[in-house]
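Single-structure report; data block below.
The values are calculated or read from the model by the stated rules, or taken from the named source; none is laboratory data. Bear in mind that the values here come from a model prediction, so they are computed numbers and not experimental data. Note that each Cβ is placed from the backbone with ideal geometry, even for glycine, and that neighbours are counted across all protein chains shown.
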């Protein structure tokens, strides 16, 4: 009987620690993504250049305009060109309050624009895993904000 109680306690502790790990991983990834977005916003403003963000699958790529209507990868340091999410995380994008699809293959045009004036396409980006979700959002100007973790409904 004592062995069963001890085994139950150990299983409970293991399950709780896994949940804490997933939550910490979500918060860490959200902080990294937030810092990356803020750095791109600052770069766009300081360098006086328009940039675009192209979301697909688990990647967010920084782009710069090339010829009229075309976009190419941002010619900055490799760390600024792309942010890749872990496989166990998902993204949801909302533009003007409406859900926008995130394709599995890179789209031709960016979904979010960062203008050299400091303006940005208003967006809400949800990052989620088994522990919950966190929103990163920008109303169209100023710094991108990061919300608190919202627990998973599971």
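For segment 118-137, the set of residues classified as touching a residue at least 60 places away in the same chain (Cβ under 8 Å) and farther than 20 Å from residue 89 by Cβ consists of 118, 120, listed by residue number. The number of residues in segment 88-109 being closer than 17 Å to residue 61 by Cβ and either part of a loop (DSSP other than H, G, I, E, B) or out of contact with any strand residue (DSSP E or B) (no Cβ under 8 Å at 6 or more places or on another chain) (or both) comes to 10.
Conditions tested, residue by residue: (1) modelled with pLDDT of 95 or more; (2) under 16 Å from residue 144 (Cβ atoms).
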site: 53; (1), (2): yes, yes
site: 60; (1), (2): yes, yes
site: 71; (1), (2): yes, no
site: 75; (1), (2): no, no
site: 80; (1), (2): no, yes
site: 94; (1), (2): yes, yes
site: 100; (1), (2): yes, no
site: 108; (1), (2): no, no
site: 113; (1), (2): yes, yes
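For segment 23-62, filtering for residues that are out of contact with any helix residue (DSSP H, G or I) (no Cβ under 9 Å at 6 or more places or on another chain) and at negative phi leaves 27. If you go through segment 121-148 and keep only what is part of a loop (DSSP other than H, G, I, E, B) and surrounded by fewer than 16 Cβ atoms within 10 Å (Cβ to Cβ), you end up with 122, 130, 139, 140, 142, 143, 147, 148. Looking across segment 110-120, the residues that are part of a loop (DSSP other than H, G, I, E, B) and over 18 Å from the mean Cα position of the chain (by Cα) come down to 115, 116, 117, 118. Of everything in segment 38-65 that's within 13 Å of the chain's Cα centre (by Cα) and part of a strand (DSSP E or B), which residue is surrounded by the fewest Cβ atoms within 10 Å (Cβ to Cβ)? This residue is 59. Looking across segment 71-87, just one residue is in contact with a strand residue (DSSP E or B) (Cβ under 7 Å, 6 or more places away or on another chain), under 30 Å from residue 22 (Cβ atoms), without any contact (Cβ under 8 Å) to a residue 40 or more places away in the chain and not in a strand (DSSP E or B), and that is 81.
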